[in-house]
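Accompanying notes for the structure given below.
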């Protein structure tokens, strides 16, 4: 029997309701500012944003910036800059609206996937109402989950919400293409296919994480579309060739640019065995946070040394993966959901490590879509099966409402993390008190003139130094020395700069120690330090000369 290709009006209403609810939940982020983690590079000090003209558009498309080729993201931020300057409110508003649109698209995607799988087409009297609740829950489970906060409340992650629109659009159009192709073919199918390909290309221009889309389309062909099991496999593989060609080209460009910028951590420094357990632990953490979103932190550094429990969590993740593969042989939705969850994570696992983060909430923006839809299906299926049995009739809806309320509360609280650099690093310290968090908050306090607080944080960082930080601890002494100097405790400043110089005789350190010596009236010693500094009179910055 032929199924309608148009999305019903009732579905659009549900989608709009889900999007509006999520927009209202995230309105609090309008009070957030910029943070000192990537925001200065992406927005505050980005030369591309100061002009929105033909030359800027050419530069955005032809030149990478900070090692990344993301022309649509830069253009989007430039538009905000034209209207708002460096007022963060406008940037946050754009992020919120884009995320609300993505929630709408997730609901529409859930509708198309459920239709393809035959879910919600039962003959029970309230089937339509059940379908509406299913779609609403799918949108809210995904859009209001605390794991989304990082992608929405952090201005830098404009690339996430922008990529989401084009990736979800590409998926929806591919599903439309597959249905029309199987039913009647013709120009309508070709148009949907080409539009899907175009949106895929646009998604990569916002963020390259969607390079896995060709594989995700194959998963959809397997389930719920069933095309791989009943159709011409060779034809379906050929359909993916244009998508795959674009994906390979983007992957090669990304690796090249990242290599040119020294973003990728070399295997000699971070061997495969360590990458494996860090990746396995990340997958375990993403699953755990999806089910129990407590302890979400905006920056989670890879521990040095890597703890033994990473091996345990990796083993658990591997066993769960195997279980999903086995279960997927009979229950195709299990295998498809797991694949759709795992595939978007592959580009951001430690196998392709850049930086020193173990895992991040923003990386779940695409991967959490399929599990959220599956969770909504499970809830509605449970209601249809057991909803008329005594207390279950009230307990199940109550539990779902309580879960959504809990998610909303956690989300609103996590938005506060992004109010300022101080709240950002304070949250990191609360959950994961590592050296880098104290160092960064100390620099924030110093910039704000709170020198005592800065000194305390730099001292704590020095006391906690382990692993690789031992080779760069001179930075911490220099930062603390500068805070002592700014406070007027020049003897303590000289002591710290002397410690830093003993580890790394950098000209900047001599210059700043000279300033402290000069303030103490030790003109001869100060002159000697100024001579050693030469022309160097810059501020204290992080130096890594390992």
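The values are calculated or read from the model by the stated rules, or taken from the named source; none is laboratory data. Please read all numbers here as calculations on a predicted model, not as lab measurements. Neighbour counts run over all protein chains shown; Cβ positions are idealised from the backbone, glycine included.
For residue 57, the requirement of being outside any helix (DSSP H, G or I) and without any contact (Cβ under 8 Å) to a residue 40 or more places away in the chain is not met. Considered as a group, the residues in the range 435-486 that are without any contact (Cβ under 8 Å) to a residue 60 or more places away in the chain and part of a loop (DSSP other than H, G, I, E, B) include one that is surrounded by the fewest Cβ atoms within 10 Å (Cβ to Cβ), and that residue is 449. Answer with yes or no whether residue 153 is more than 27 Å from residue 225 (Cα to Cα), at pLDDT 95 or above and surrounded by 24 or more Cβ atoms within 10 Å (Cβ to Cβ). Judged against the criteria, residue 153 is a match. Listed by position, the helices (runs of 4 or more DSSP H) inside the range 104-196 whose residues that are in the same structural domain as residue 369 (by TED's automatic domain parsing) and over 30 Å from residue 36 (Cα atoms) number at least 1 are 127-143, 158-183. Filtered by the rule that a residue be within 26 Å of the chain's Cα centre (by Cα), more than 16 Å from residue 110 (Cα to Cα) and not in a helix (DSSP H, G or I), the range 357-399 gives 357, 358, 359, 360. Of the candidates 212, 233, the single residue that is closer than 23 Å to residue 325 by Cα and over 27 Å from the mean Cα position of the chain (by Cα) is 233.
Of the set (1) without any contact (Cβ under 8 Å) to a residue 60 or more places away in the chain; (2) more than 20 Å from residue 289 (Cβ to Cβ); (3) surrounded by fewer than 16 Cβ atoms within 10 Å (Cβ to Cβ), all apply to residue 351 but (1).
Within the range 328-348, the set of residues being loosely packed, with under 15 Cβ neighbours inside 10 Å and touching a helix residue (DSSP H, G or I) at 6+ places or on another chain (Cβ under 9 Å) comprises 329 only. Scanning the range 196-212 turns up no residue that is closer than 18 Å to residue 6 by Cβ and out of contact with any helix residue (DSSP H, G or I) (no Cβ under 7 Å at 6 or more places or on another chain).
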